[in-house]
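Scroll down for the structure; my scribbles are underneath it.
The values are calculated or read from the model by the stated rules, or taken from the named source; none is laboratory data. None of the values given here were measured: they were computed from a predicted structure. Using ideal geometry, Cβ is built from the backbone for each residue, glycine included, and neighbour counts are taken over all protein chains shown. The accessibility values were calculated without ligands, DNA or RNA, using every heavy atom of the protein model including side chains. Shrake-Rupley method; radii C 1.70, N 1.55, O 1.52, S 1.80 Å.
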There are 2 protein chains.
Amino acid sequence: MNLILLSPDDFINKKTRVRLDDRRYLHIRDIHRAKAGDELSVGLIGDRIGTGKIASLTGEAIEMDISLSLQPPAPIPVTLILALPRPNILKRTLQAASAMGVKKIFLIHSNQVEKSFWLSPVLQPAKIREQLILGLEQGKDTILPDVQLRKGFKPFVEDELPDLIQGTRALVAHPRASEECPRDVREPVTLMIGPEGGFIPYEIKKLTELGFTPVHLGNRILRVENAIVALLAKLY
Amino acid sequence: MNLILLSPDDFINKKTRVRLDDRRYLHIRDIHRAKAGDELSVGLIGDRIGTGKIASLTGEAIEMDISLSLQPPAPIPVTLILALPRPNILKRTLQAASAMGVKKIFLIHSNQVEKSFWLSPVLQPAKIREQLILGLEQGKDTILPDVQLRKGFKPFVEDELPDLIQGTRALVAHPRASEECPRDVREPVTLMIGPEGGFIPYEIKKLTELGFTPVHLGNRILRVENAIVALLAKLY
């Protein structure tokens, strides 16, 4: 937790004093091993980042005086469209994308996605938010990514995707692509990433017809949570 | 498991027939849902990759006829020197490094590494090998990385590191560095990555005196398993 993320509910007076007694309190007490007078990095969800000076730390809770001064780091201008991965991988993937500054994520169905994945409790909005917050705490950011679920491949690709890719470079990660993933693009990207078995030829055809370029990461196949990090690191 | 990794023990006649009854068998049966006649990607540890044609698949074991023809993918010319991360993160980190083609890894002590991490069962050679093999199966490679443990920072840096960095570009990942991580370097690199709390100023000073350049990954702090993937993706 490189940044203690606060919500408006944490404030016990108008603007400056917060009281925490949840996992953030335990983390500050047991991992940071902080004490009264110490200053910690804090941020208000959807708002600025700054410092929290510990006013008191008891066996039950911590109180801090908050001063917010800096804007959160710039987002990366990518829309991430991800074939729904298996639940334990989804958690790490959402965390990593959130830590790296992705702000727009679609989780979509595709042929090789197991239908049972859509039933996972990990997809509940509160569970998704939990992973995104862990990512923000890691990456020292306050702006929650927007995550949308789309259970149909074809309606998403035909009805929504043409508008989404307007003004962006549209790339689909595909192990059998002939082009390498471009580097340091300095422009907005729509990045699609397939499921473990990859997108099927019909899906790749639909995407290339829309203007997507298939790109690869070399001749090694990475797990989706690593592939996303590698693709974003190459692109930006 | 994008590649079924074989060892010489798996062969039941001189060169061509293997019999598997362990987790690889269960994976082929339950995840690949393969049947007699199907061909799978296989590789022999330390040797070539090729195909295995399923001769029989019973309730107990699978037998395959193996044909090995291709060299494994080229390694990436990096020596990874990693301050020992906490055990659950170490596992994912070794897997990711192995999948990406790193062949030489040192796990070292540094000031901010918790001493208890050195007592973890994850550091037993068999457990390390298990993670490396999972990475090779993912990345479709057969060459096991060499992993060395060094429990003293100073003796390692003073006695071994000067020789190790000969002929390589020496970089240390450091969040407060002024230079960005270089891209697409096309040369051997010695890459050092600190613990969660980072290298302390004394350690950074020792490393820069040896010729290391501190580099950063932007103003977001990534977890070590993601930082490694991001650094390797930028470098190669």
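Lys and Arg at +1, Asp and Glu at -1: add these up for the other residues within a Cβ distance under 13 Å of B:Ile54 and post the number. Mind dumping the intermediate values first?
Details: positive: B:Arg17, B:Arg19, B:Arg24, B:Arg29, B:Arg33, B:Lys35, B:Lys53; negative: B:Asp38, B:Glu39, B:Glu63, B:Asp65.
My count for the surroundings of B:Ile54 gives +3.
Run the accessible area of region B:86-168 with a 1.4 Å probe and give the carbon-and-sulfur part as a rounded percent. Present the calculation step by step, with values, prior to reporting the outcome.
On the way: 1850 of 3690 Å².
Of the solvent-accessible surface of region B:86-168, carbon and sulfur hold 50 percent.
Sort all Cα-Cα distances of the protein assembly as shown into consecutive 20 angstrom bins from zero, then give the percent of pairs in each bin up to the one containing the longest distance.
Cα pair-distance distribution for the protein assembly as shown, in percent: 22, 53, 23, 2.
Report the dimensions of region A:4-70 along its three principal axes from the alpha-carbon atoms, largest first, rounded to Å.
Computed over region A:4-70, the largest-to-smallest principal extents equal 28, 19, 18 Å.
Find the relative contact order for chain B and round it to a whole percent, using C-alpha pairs within less than 8 Å whose residues are 6+ positions apart. Don't jump to the answer; show the numbers that get you there.
Values: 459 pairs, mean separation 46.5, N = 236.
Computed over chain B, the figure is 20 percent.
Which three extents, in angstrom, do the Cα atoms of region A:78-235 have along their principal axes, listed largest first?
That works out to 36, 35, 32 Å along the principal axes.
To the nearest 10 degrees, how steep is helix B:224-235 against the longest Cα principal axis of chain B, on a 0 to 90 scale?
Tilt relative to chain B: about 90 degrees.
Test of understanding: express the Cα radius of gyration of region A:46-131 as a ratio to 2.2 N^0.38 Å, with N the residue count.
Details: Rg = 17.8 Å, N = 86, 2.2 N^0.38 = 12.0 Å.
Normalised Rg, Cα atoms only: 1.49.
For region B:15-55, build the charge dipole from Cβ charges (+1 Lys, Arg; -1 Asp, Glu) around the Cα centre, then report which of B:Thr51, B:His32, B:Thr16 sits farthest towards its positive end.
B:Thr16
Can you check what the net charge comes to around B:Gly135, using other residues whose Cβ is under 13 Å from the Cβ of B:Gly135 (Lys, Arg +1; Asp, Glu -1)? Each step should come with its number before you reach the end.
Values: positive: A:Arg220, A:Arg223, B:Lys91, B:Arg92, B:Lys103, B:Arg129, B:Lys140; negative: B:Glu130, B:Glu137, B:Asp141, B:Glu225.
After counting each charged neighbour, the total is +3.
Which distances, shortest first and in nm, link B:Asp65 to the matching position in the other copies, using label points set 7 Å out along Cα to C-beta?
The answer, with the shortest distance listed first, is 8.1 nm.
Can you list the distances in nanometres, one decimal and ascending, from the A:Asp159 label point to the identical position in each other copy, with the point 7 Å along Cα to Cβ?
6.9
Output, in nm with one decimal and in ascending order, the distances from the B:Asn219 label point to the matching label points of the other copies (7 Å from Cα along Cα-to-Cβ).
4.2
Relative contact order, percent, of region A:130-190 when contacts are C-alpha pairs under 8 Å separated by at least 6 residues? Mind showing how you got there, number by number?
On the way: 24 pairs, mean separation 16.8, N = 61.
Answer for region A:130-190 is 28 percent.
Per residue of B:213-222, how many C-beta atoms from partner chains lie within 10 Å of its own C-beta, taken as a mean? Show your work: numbers first, answer last.
On the way: counts 0, 0, 0, 0, 2, 8, 7, 14, 7, 9.
That average works out to 5.
Interface size between chain A and chain B, please: total buried accessible area, 1.4 Å probe, rounded to the nearest 100 Å².
Details: alone 12040 and 12040 Å², together 21650 Å².
That pair hides around 2400 Å² of surface in total.
Taking the Cβ of B:Val42 as the center, what net charge do the other residues with Cβ under 14 Å away carry, scoring Lys and Arg +1 and Asp and Glu -1?
Working: positive: B:Lys15, B:Arg17, B:Arg19, B:Arg24, B:Arg48, B:Lys53, B:Lys140; negative: B:Asp10, B:Asp38, B:Glu39, B:Asp47, B:Glu63, B:Asp65, B:Glu137, B:Asp141.
Cβ neighbours under 14 Å give a net charge of -1.
Going by average Cβ neighbours within 10 Å, how do the peptides B:94-104, A:50-60 rank, with the highest at the top? Please report the intermediate quantities before stating the final value.
On the way: B:94-104: 24.3, A:50-60: 14.9.
Packing order, densest peptide first, comes out as B:94-104, A:50-60.
Across peptide B:227-236, how many C-beta atoms of other chains are within 10 Å of each residue C-beta, on average? Intermediate values should be presented prior to the final figure.
On the way: counts 3, 2, 12, 9, 2, 4, 14, 6, 1, 3.
Taking the mean over all residues of the peptide, I get 6.
As I understand it, the value is the acute angle between the Cα axis of helix A:201-210 and the longest principal axis of the Cα atoms of chain A; what does it come to in degrees, rounded to 10?
Taking Cα atoms only, the helix is inclined about 80 degrees.
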